[in-house]
Amino acid sequence: LNHEPMADQEDLHDEQHLPPPTLWPIGFAIGVAVLLVGLIINPLWIATIGGAIALVFGVLWARDATSELRGRPLVIEPERRDLVEAGAGEVGPPATAGGDAMPHPEPGERFPRSKFLEGSTLGLGALIGGVITVPVAGFAVLPAFLDQKRHRVDLGPIDALKEGQWYVATFTVDPAQGEVSRRTAFIRNNGTAAAGGKQVPSFTIISNRCAHLGCPVQANGPSGQILGLPTVKEKTKNGPVTFSPTVPAGFGCPCHGGQYDTEGNRTAGPPVRALDRYGFEIVDGRLILLSTYSVSHVDGSGAQAKIHKYKEVGPGEHVDGPEQLFYPLNPPHH
Amino acid sequence: VATTTRRPPSRADLRRQRIEAAVNYPLDWLEERSGLIGGVRYFLFRKVPGDTNWMQTLGSASLTAFLVQAITGAILAMYYKPTPGDAYSSIQNITDQVFMGWLVRGMHRWGASVFIILMFLHMGRVFLFGAYKYPRELNWIVGVLILVMGMMEGFTGYLLPWDQTAYWATVVGINLNGTAPFLGPWLAQFLRGSQEIGADTLTRFYALHMLLIPGAIIGLIVLHLYLVIRLGVTSPPWSKDAAGMEPAETNGTGTLRPGLTRPVARGPLGNGPVGPGGGRD
């Protein structure tokens, strides 16, 4: 490839570089077709014949195509044209000397044809682009925000949970999604609390999602069989639910060291608020988990706790103080 | 003197001519119909400053690392299943069962870090050589976009093995995005695909990781290379030569722009030293 590119270019444009006309490819194609058909109906004979035809015509075609290279230019009868066109033999004006292909717009003309064509090309392009982009972008973005399902998780009869005892409860929020929707909550049966003049069951149900960046917080203390307490297992319509007993001195996050007390108040580390809690209701003596809500802090404890509730927000978001102004609008949440 | 004596070509000469013609025929065919040969030749044999440095190969190294990622990634996609139930086991299958799967996965996994590291080294070289200055500011910006896209590839690719590390790292990563003021919570929910991480998160990270972001990176790389070719290569800051200009090419008059890197373009619309008419007009 060491020849001069420019000289090459001129060569290419000076002479006709069309391949000479040839009929051999037709025979070659027929041969290939016969070969393929033969492979199906009679590989021994018909395919062989087809292969032979293709081979012969292929070689002839290759000879033709390379005849120029092999120094024996194919002699082709020059095309004869007896009719002489008008103006034959005259030299045409150079391209720069003729008039313009398109008339210039009249001076003062506001919407010449070229402007119209330019505008309509761009406009139609934008329209087509928009018609395609809008639904696709909507499909890409909106499902994440629309129709967010509320979940009600049946955790089984409340009698199974010993009063005053903490449990690590694991359950599946959406059985259709399977294991990926498994969640953990820390649950304590507080007995009953006075509400509206009567005694109602009270539970402390704390989400294990750290209020820093969402890692799973752990109970700081012994859990499981070491306590000598039975692990409660229930089968509900949300699938298996497990309550493993625990005696937490608080909750801690393994990721960045956030620490909380047993009411979920932050005691140390990077979290910006208390742990979220699950809403709940008791239906026919069964504990039903509702959506989570966010908590800035909790005063008191157990059944007497005063919980400062906020709408559910993501981990790391402040719900009170001046920093809450950074999150004026939150996406819809169950 | 040589032209006066013209001896007839020998058989060896003729054979060489024929071989040359046979080699050139397909190349000329392609060139005549596409101009690609000339384009590639222009790209490969364009002039660069004589004292270019080994550090200036870091960009090509980054490109190579990206190509390795693209190819190994496409092959891994033949075996990977982006569903919560199958993702981890399909990775195990690739690593333990598929012939040489461990190698291709290893190349993709370690190559990811290599790609990012090389981009940072390349960026450091451009910064220290002052090669981001006029008229190459736009190429710096494009390069930064490629770096950001590369980081997004890292973030979305990290989830795909779908093990505990992947899952919780992604939880933290998404929530980190969620703490950005104003639009953060919306961004986080967009990344999750819903309010909780689930099957939708995995598939959308997969689509982002192997289609959308790589497509964007390829487009940006094309733009990046176009600008490199158009604007030419900078000399190292310690260079005493005129960058990309032979003395003859300054046309006897041209005093080059003073400055650390001496950009070779002559103006906002100027071509590089070997662009159309560049250096010779």
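What pairs come out if I take residues in the range A:298-320 that are farther than 17 Å from B:Asn175 by Cβ and pair them with residues that are basic (Lys, Arg) and buried (at least 19 other Cβ atoms within 10 Å of the Cβ) whose C-beta lies under 7 Å away, six or more apart or interchain?
Going by the 7 Å Cβ cut-off, the qualifying pairs are A:Ile307/A:Arg277.
What tally of residues in the range A:233-251 results from selecting those that are within 21 Å of A:Ser301 (Cβ to Cβ) and part of a loop (DSSP other than H, G, I, E, B)?
4
Just to check your reading of the model, which residue among A:Pro230, A:Pro254 is loosely packed, with under 14 Cβ neighbours inside 10 Å, away from every other protein chain (no Cβ under 14 Å), in a loop (DSSP other than H, G, I, E, B) and out of contact with any Phe, Trp or Tyr (no Cβ under 8 Å at 6 or more places or on another chain)?
A:Pro230
For residues that are in a helix (DSSP H, G or I) and more than 14 Å from the chain's Cα centre (by Cα), tally how many sit in the range B:122-140.
Number satisfying all stated conditions: 7.
Checking A:Ser294 against (1) under 23 Å from A:Ser223 (Cβ atoms); (2) crowded, with 21+ Cβ neighbours inside 10 Å, which single condition isn't satisfied?
Exception for A:Ser294: condition (1).
When the residues of the range B:142-179 are filtered to those that are farther than 30 Å from A:Glu312 by Cα and of a type in the set (Val, Ile, Thr), which remaining residue is nearest to the chain's Cα centre (by Cα)?
B:Ile146
For the structure I just gave you, tell me whether A:Ala219 is over 23 Å from A:Ser181 (Cα atoms) and of a type in the set (Gly, Ala, Ser).
So A:Ala219 fails the test.
Output the residue which, of all residues in the range A:139-161 that are assigned to a loop (DSSP other than H, G, I, E, B) and within 14 Å of another protein chain (Cβ to nearest Cβ), is modelled with the lowest pLDDT.
Filtering the range A:139-161 for residues that are assigned to a loop (DSSP other than H, G, I, E, B) and within 14 Å of another protein chain (Cβ to nearest Cβ), the one modelled with the lowest pLDDT comes out as A:Lys149.
Scan the range A:310-332 and give yes if some residue there is away from every other protein chain (no Cβ under 13 Å) and of a type in the set (Lys, Arg), otherwise no.
Within the range A:310-332 (the criterion being away from every other protein chain (no Cβ under 13 Å) and of a type in the set (Lys, Arg)), the answer is no, since none of the residues qualifies.
Output yes when any residue across the range A:195-214 is within 14 Å of A:Leu289 (Cα to Cα), charged (D, E, K, R), within 13 Å of chain B (Cβ to nearest Cβ) and outside any helix (DSSP H, G or I), and no when none is.
Within the range A:195-214 (the criterion being within 14 Å of A:Leu289 (Cα to Cα), charged (D, E, K, R), within 13 Å of chain B (Cβ to nearest Cβ) and outside any helix (DSSP H, G or I)), the answer is no, since none of the residues qualifies.
From the list B:Gly50, B:Gly106, pick out the single residue that is of a type outside the set (Val, Ile, Thr) and assigned to a helix (DSSP H, G or I).
B:Gly106
Which of the residues that make up the range B:81-103 are over 13 Å from B:Asp163 (Cα atoms) and in a loop (DSSP other than H, G, I, E, B)?
B:Lys81, B:Gln97, B:Val98, B:Phe99, B:Met100
Kindly list the number of the only condition in (1) touching a strand residue (DSSP E or B) at 6+ places or on another chain (Cβ under 8 Å); (2) of a type outside the set (Asp, Glu); (3) in contact (Cβ under 8 Å) with a residue 60 or more places away in the chain that fails for A:Gln148.
(1)
For the range B:55-69, which residues satisfy the criterion of being without any contact (Cβ under 8 Å) to a residue 60 or more places away in the chain and closer than 17 Å to B:Ile217 by Cβ?
B:Ser60, B:Thr64, B:Ala65, B:Leu67, B:Val68
Do the conditions hold for B:Thr165, that is, is it more than 9 Å from chain A (Cβ to nearest Cβ), free of Cβ contacts under 8 Å to residues at least 40 places away in the same chain and not hydrophobic (A, V, I, L, M, F, W, C)?
The answer is yes for B:Thr165.
Part of a helix (DSSP H, G or I), surrounded by fewer than 18 Cβ atoms within 10 Å (Cβ to Cβ), at pLDDT 95 or above and touching a helix residue (DSSP H, G or I) at 6+ places or on another chain (Cβ under 6 Å), is that true of B:Ala74?
So B:Ala74 does not fit the description; no.
Is it the case that A:Glu106 is farther than 19 Å from B:Ala22 by Cα, of a type in the set (Asp, Glu) and modelled with pLDDT of 85 or more?
Spelling it out, it is not the case that A:Glu106 is farther than 19 Å from B:Ala22 by Cα, of a type in the set (Asp, Glu) and modelled with pLDDT of 85 or more.
Taking the range A:162-175 on its own, how many of its residues are surrounded by fewer than 18 Cβ atoms within 10 Å (Cβ to Cβ) and either more than 14 Å from every other protein chain (Cβ to nearest Cβ) or hydroxyl-bearing (Ser, Thr, Tyr) (or both)?
Residues flagged as surrounded by fewer than 18 Cβ atoms within 10 Å (Cβ to Cβ) and either more than 14 Å from every other protein chain (Cβ to nearest Cβ) or hydroxyl-bearing (Ser, Thr, Tyr) (or both) within the range A:162-175 amount to 5.
Please go through the range B:173-188 and pick out each residue that is surrounded by fewer than 23 Cβ atoms within 10 Å (Cβ to Cβ) and either facing another protein chain (nearest Cβ under 7 Å) or without any contact (Cβ under 8 Å) to a residue 12 or more places away in the chain (or both).
B:Leu176, B:Thr179, B:Ala180, B:Pro181, B:Phe182, B:Leu183, B:Gly184, B:Trp186, B:Leu187
Hey, among B:Gly39, B:Gly59, which residue is modelled with pLDDT of 90 or more, surrounded by 17 or more Cβ atoms within 10 Å (Cβ to Cβ) and in a helix (DSSP H, G or I)?
B:Gly59
Any residue that is closer than 18 Å to B:Tyr206 by Cβ, modelled with pLDDT under 95 and either in contact with a strand residue (DSSP E or B) (Cβ under 7 Å, 6 or more places away or on another chain) or of a type outside the set (D, E, K, R) (or both) - is there at least one of those in the range B:84-107?
Within the range B:84-107, one or more residues are closer than 18 Å to B:Tyr206 by Cβ, modelled with pLDDT under 95 and either in contact with a strand residue (DSSP E or B) (Cβ under 7 Å, 6 or more places away or on another chain) or of a type outside the set (D, E, K, R) (or both).
For the range A:107-161, which positions are small (Gly, Ala, Ser) and loosely packed, with under 13 Cβ neighbours inside 10 Å?
Of everything in the range A:107-161, those that are small (Gly, Ala, Ser) and loosely packed, with under 13 Cβ neighbours inside 10 Å turn out to be A:Gly108, A:Ser114, A:Gly119, A:Ser120, A:Gly123, A:Gly125, A:Ala126, A:Gly129, A:Gly130, A:Ala137, A:Gly138.
Look at B:Leu212 and say whether it is crowded, with 20+ Cβ neighbours inside 10 Å and of a type outside the set (S, T, N, Q).
It is false that B:Leu212 is crowded, with 20+ Cβ neighbours inside 10 Å and of a type outside the set (S, T, N, Q).
Of all residues in the range A:266-309, count the ones that are in a strand (DSSP E or B), touching a strand residue (DSSP E or B) at 6+ places or on another chain (Cβ under 7 Å), under 30 Å from A:Lys235 (Cβ atoms) and away from every other protein chain (no Cβ under 12 Å).
12
If I ask for residues that are at pLDDT below 90 and more than 17 Å from A:Ser301 (Cα to Cα), which ones from the range A:182-202 would you list?
A:Gly196, A:Gly197, A:Lys198, A:Gln199
Please work out if B:Ser10 is away from chain A (no Cβ under 14 Å) and of a type outside the set (A, V, I, L, M, F, W, C).
In short, yes.
Among the residues of the range B:28-54 satisfying the criterion of being in contact (Cβ under 8 Å) with a residue 24 or more places away in the chain and within 14 Å of chain A (Cβ to nearest Cβ), which is nearest to B:Pro236 (Cα to Cα)?
B:Arg46
The values are calculated or read from the model by the stated rules, or taken from the named source; none is laboratory data. The model shown is predicted, which means the values in this text are computed figures rather than measured ones. As a convention, Cβ positions derive from the backbone with ideal geometry for all residues, glycine included, and neighbour counts pool all protein chains shown.
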